[in-house]
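Working notes for the structure below.
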Amino acid sequence: MALIRGTLDVLVLKALSWTPMHAFEVITWLDERSEGRLDIDGPALIQALHRMEEKGLVSGEWGTTKNGRRARYYRNTDTGRAHLRSESAKLARDTETLMTVLGAKRS
Amino acid sequence: MLDFRIRLGIRRLLHLPLPSAARARADADAELDAFVEAQAEHLMSRGAPAAAAREESLRALGAPLDEVRQRLRHSVTQREEHMQRRERIDNWLQDARHAARTLRRNPGFAIASLLTLAIAIGANTAVFAVSRAVLLQPLPYADAGQLYQINTIWPNQANSRNELSPADFADFQKGQTTFTGLGAVVAATPPMIWQPASGDPKSLNALDVGSNIFTLLGARALYGRTLMPGDEIPGHDHRVVLSFEAWQRYFGGDPGIAGRSIVLSGSSYEVIGVMPRGFTINEREELWLPYDQAGTLADAVRARKQHYVRTLGRLKAGVAPARALADLRTIAAGLAQAYPEADSGRTAEMRPLRDVLTGDLRPALLLLQGAAALVLLIACANLANLALSRTMGRRRELVTRAALGASRGRLVRHLVTESVVVSIAGGLLGVMLAGAGTRWLLALNPTTLPPLFDAKVNGTVLGFSLAVSIGTGLLFGLLPALDASNGNLHEALKEGGRGSSNGRASGRARQMLVVAQTALALMLLAGAGLLVRSFAQLTRVTLGYDPNGVVTADLRAAGDRYTDMLKVTVFYDDVLRHLSQMPGVVAVAAVSDVPTRGSSGTALRIEGQENDEARLRDLRYLSVHGDFFKAMRIPIIAGRAYDASDRPDIPETTILNATAAKRYFPNGDAVGHRIKIGPDPNAAWMTVIGIAGDIHSNGLDVPVEPTIYANHRHEPWMRSMSLVMRTSTSPVNAGALIRAAVAAQDPSLAVNNVETLDDVVGQSLAARRFALGLATCFALIALVLAAIGIYGVLAYNVASRTREFGVRIALGASPGRVVSLVVGQGMAMSLVGIAAGLGGASAGARLLNGMLFGVTALDADTYVVVVALLLFVAAVACAVPAWRATRVDPLTSMRAD
């Protein structure tokens, strides 16, 4: 499924709202949640994460994985959480509107 | 790879940006590698072999590894830059907001700081505005750096500078090769009278100039044209250029003025142009007329010997000034040989025009700027002390910040921002003060500043003010900030942490600041004190005449009617007779120059003594008409004054001043001797009939020189004279009387500058009074600031040693003992400061030398008074803290923190 940039941000924020993750974990999570229908390019996601960090939606720092490897973990900031809330609500409303129009029976 | 600490639970904290681009790239690479690793691990956990998993992982990137690496590096670098920028701005804003909050919470500190800063920065800005206008602003001439003024001097005599004679000027002009041209300015051009359609005749300051002068200076007319070569040819020379101010004031600013004719001093002149606003060559001249060089040269003797042509020249491009000077000197040497009685022994000198116009002012302005800077430094010391005290009290807050991750640099920046914000606010106030201050400075002395210079607070000045403000803030903020951020956490968090070793170091810093303040204050006070004494000495100079009750007015018998010199005599005779018959008039006379306004120069030959034509005795020349000595109350020491028997048709009689008699007739036999003066060795002898008392004709601070009081009735070639009238009526009435008397004789003549002689003398002192006023202002401000500084430090010391004082008192120390402890400390600081200040003053006192009169720079009396004053003020400043120390309650103090 093709994603508009802004939508990807919201999805990432959603992922991170569970727990801090590194880039690969985010892709895995999104892949699982979308049952494989979202096909996200790794490097593109990392760049998206950088942009979001620049905008202050997430903050990143180096940490260690379970396996003892170094990885860059991202977590949501307050701004990110607020953005997630407002954008999720907006997406939900927009989708509902679309569904209403598309699902209208011929009358 | 370095590990970064994980910050815990801090709300707004973005992670610290990486320090360099290299780190950023490394970061990107690491993240990419980690991603690839993670992907490979994932595949391996699904059973893929290691190598295949890695290969698949790399392939899944979707592009060659290097390309991806580049993209991510770019992405990270951008991220870092943007985050760094945002963080910096956020920090500054946060600091500034915090600073504003802190200031609001401490209004006392804020007000004290703002006032101190406003005064100090304001003073600096005002002085800078004037300095910039005088010393830095470009002259209203094209490429003014190439303009020079040429004079002749005796090689080793400082005050021997002369202008050129017309014949010398012509020779220089012909012979020189290093200038594009020389221009003549006849400085002593008499004013022209213009009769408006209605009202009194107006006297306009005129300047005869060589027709090439405007081209030489690179000046263009606003309307019409300037004078050009050819305008000086007789028959075509009744052409005049107006100044902007005259055009506005007298001719209504009419743009069609060019081409019109106006009547000046009885003759018709065509106005050919108007100059732009502010343009001037001499000072405040209103008209420019062509100088008739050929006509002047017709009288060969006078043209060679009378030196009144101010000479300007434009150096050719690429020619070194030294070469031009050598060229001029060669010409001068030639003239000295060819015309020994006019030019012998004299050589040429050239000075940059800017120096000529501002030279006098530069030392004074630089001194003023120095004094203002000293005041600023003293203010900074006070503010630094204040800041030190405050940061001490905030130690815990600062330490907590440090513990939460703020670096030392961050803390320092935080504290310094506070100082800079206060300084900028103070600076803004100061600029407002400076605007008023500059206007006040100018209003005090309209004649002190050459009108060329327009001193106002403009963009450059504002920029200077801002720079000074920020610099000040940094200066007084840095020391306390560095001191406070010195992170000894343990010490600071302990109770009563002010007793730590850090406290002692800052205490010493504080004391050094006060010592420095006191020293600077002493230097300023000493400077002001010396100027005060100079001024007092000047006012005590015996004038030699009594100015009280004397009114003066300037008058010129101008116009064709007075070409016959006899008519000039008759005119002045009649005016004086008319006035002397008025009620209230004690005596009235006319003189060529009112005392303190200068005199002409001439040369003296004495009968019976040797007269070296190459080096004649110098004599100042004043021409008097009527009862001059009676009107001025100048005593006649020997012989008699002029009376009716000194008629124009008999051999001339003359009067010398006491200095001339003493110097040139050491045997005391001046009266009865015959002398002659002037450029012509074949002039008629005159008999000396009287010796009059000395007067300071050239200014109170200039020694009296040998002077001749020539009888104007015998030599009425001076048509411009100043009336001096001793009268019991008010100056306004006196002015009206004079105008009426002149109008009765000739209604076309103008009477100018009606003033009292007291005012004239006062004006001659105006520049000094001005400098004195400013210096005293600065010195007093410095004194107050130093006193506040001493008080502040002592107050803080007492407060921080409360427990110690409590213990002492509990152990039986008397109030006297406590007081002496505090006062002793205060006075010790002051004494060290005074000693340092005396050292500084004696080193720097030489700078004042040009401005002193009657006192040396190391005048003991002045220094004694200044030191005593400072000691007294210091003692007073110690009083309150000392008193507070005695009130310490032992019990509460030992319980207190």
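Values in this text are rule-based calculations from the coordinates and carry no lab data. Given the structure is predicted, the values throughout are model-derived calculations rather than measurements. Note that each Cβ is placed from the backbone with ideal geometry, even for glycine, and that neighbours are counted across all protein chains shown.
Annotations for the structure displayed:
- Considering only B:Leu65, B:Ala326, B:Gly295, the residue lying farthest towards the positive end of the dipole of chain B is B:Leu65, judged by Cα position with unit charges set on Cβ.
- In a reduced charge model with +1 at each Lys and Arg Cβ and -1 at each Asp and Glu Cβ, chain B shows a dipole moment near 4340 debye about its Cα centre.
- Taken over the range B:216-355, the convex hull of the Cα atoms encloses 145 Å³ per residue.
- Cα-projected label distance for B:Ala21 with A:Leu38, points at 7 Å along beta-carbon direction, nm: 3.5 nm
- What the pair-distance distribution of the range B:564-608 shows, using all Cα-Cα distances binned every 5 Å from zero, is 5, 16, 15, 15, 19, 16, 9, 4, 2, 0 percent.
- Label zone at B:Ser730 (point 7 Å along Cα-to-Cβ), backbone N below 18 Å, the range B:532-550: B:549-550
- The mean count of C-beta atoms from other chains within 10 Å of the C-beta of residues in B:28-35, rounded to a whole number, is 6.
- Over the C-alpha trace of the range B:100-166, radius of gyration and Dmax come out as 24.3, 74 angstrom.
- Quotient of Cα Rg and 2.2 N^0.38 Å for the range B:712-846, N being how many residues it contains: 2.25
- Cut-off under 5 Å, modelled amide H: who pairs with B:Leu264 long-range: B:Tyr269
- Mean per-residue shielding of peptide B:75-88 is 3, counting Cβ atoms of other chains within 10 Å of each Cβ.
- The largest-to-smallest principal axis extents of the Cα set in chain A are 62, 28, 21 Å.
- Per residue Cα convex hull volume in Å³ - calculated over chain B: 258 Å³
- Overall Cα dimensions of the range B:241-283 - principal axes, largest extent first, Å: 27, 23, 16
- Taking only the alpha carbons of the range B:52-186, we obtain Rg and Dmax values of 35.8, 108 Å in that order.
- Coupling constants for the range B:278-288 follow from the phi torsions by the Karplus curve (6.51 cos²θ - 1.76 cosθ + 1.60, θ = phi - 60°), and in residue order they are x, 6, 7, 10, 9, 7, 6, 6, 10, 9, 10 Hz; glycine and proline get x.
- Hydrodynamic radius by Kirkwood, which averages 1/r over all alpha carbon pairs of the range B:272-371, in angstrom: 17.3 Å
- Gyration tensor (Cα) of the range B:804-897, equivalent ellipsoid semi-axes in angstrom: 42, 11, 9
- Computed from backbone phi, the HN-Hα couplings of the range B:28-34 come to 4, 4, 5, 5, 5, 4, 4 Hz, rounded to whole numbers (Karplus: 6.51 cos²θ - 1.76 cosθ + 1.60, θ = phi - 60°; Gly and Pro given as x).
- Here, the protein assembly as shown has an Rg and a Dmax of 42.7, 142 Å when only alpha carbons are counted.
- Kirkwood's formula applied to the C-alpha pairs of the range B:328-399 gives a hydrodynamic radius of 17.8 angstrom.
- Close amide H contacts of B:Phe279 (hydrogens built in the peptide plane, cut-off under 5 Å, sequence separation of 5 or more or a different chain): B:Phe244.
- Net charge, B:Val760 excluded, C-beta distance under 12 Å - Lys, Arg +1, Asp, Glu -1: -4
- Within 10 Å of each Cβ in A:47-54, the average number of Cβ atoms from other chains: 6
- Under 5 Å, built H, 5+ apart or other chain: amide partners of B:Ala221: B:Thr226
- The residue among A:Ala23, A:Thr100, A:Trp62 whose Cα reaches farthest toward the positive pole of the charge dipole of chain A, with charges on the beta-carbon of Lys, Arg, Asp and Glu, is A:Thr100.
- Relative contact order of the range B:51-207: 7 percent, from C-alpha pairs under 8 Å at least 6 residues apart in sequence.
- Rounded D (µm²/s) - the range B:628-715, Kirkwood Rh over Cα pairs, Stokes-Einstein at 10 °C, 1.306 mPa s: 117 µm²/s
- Theoretical FRET efficiency, 1/(1+(r/R0)^6), r = Cβ-Cβ of A:Arg5 and B:Trp440, R0 60 Å, to 0.05: 0.40
- The range B:583-679, relative contact order [Cα under 8 Å, separation at least 6], %: 36 percent
- For B:Asn698, net neighbour charge (Lys/Arg +1, Asp/Glu -1) across residues whose Cβ lies under 11 Å away: -1
- Pairs beyond 21 Å (Cα-Cα), from B:Lys305/B:Lys676; B:Lys630/B:Lys676; B:Lys202/B:Lys630; A:Lys14/A:Lys90: B:Lys630/B:Lys676; B:Lys202/B:Lys630
- Considering only the range B:586-718, percent of DSSP beta bridges that pair antiparallel, nearest 5: 65 percent
- For the range B:213-292, the Kirkwood radius over C-alpha pairs fed into Stokes-Einstein at 20 °C and 1.002 mPa s yields D = 170 µm² per second.
- Between the beta carbons of B:Leu482 and B:Ala60, assuming R0 = 60 Å, the FRET efficiency works out to 0.65 to the nearest 0.05.
- Relative contact order computed over chain B (Cα-Cα under 8 Å; 6+ residues apart), in percent: 14 percent
- About its Cα centre, the dipole of the range B:231-287 is roughly 220 debye, where the only charges are +1 on Lys and Arg Cβ and -1 on Asp and Glu Cβ.
- When only the Cβ of Lys, Arg, Asp and Glu is charged (+1, +1, -1, -1), the dipole of the range B:28-167 relative to its Cα centre reaches about 840 debye.
- Between the residues B:Leu411, B:Leu622, B:Val732, the greatest Cα displacement towards the positive end of the dipole of the protein assembly as shown, with unit charges on the Cβ of Lys, Arg, Asp and Glu, is found for B:Leu411.
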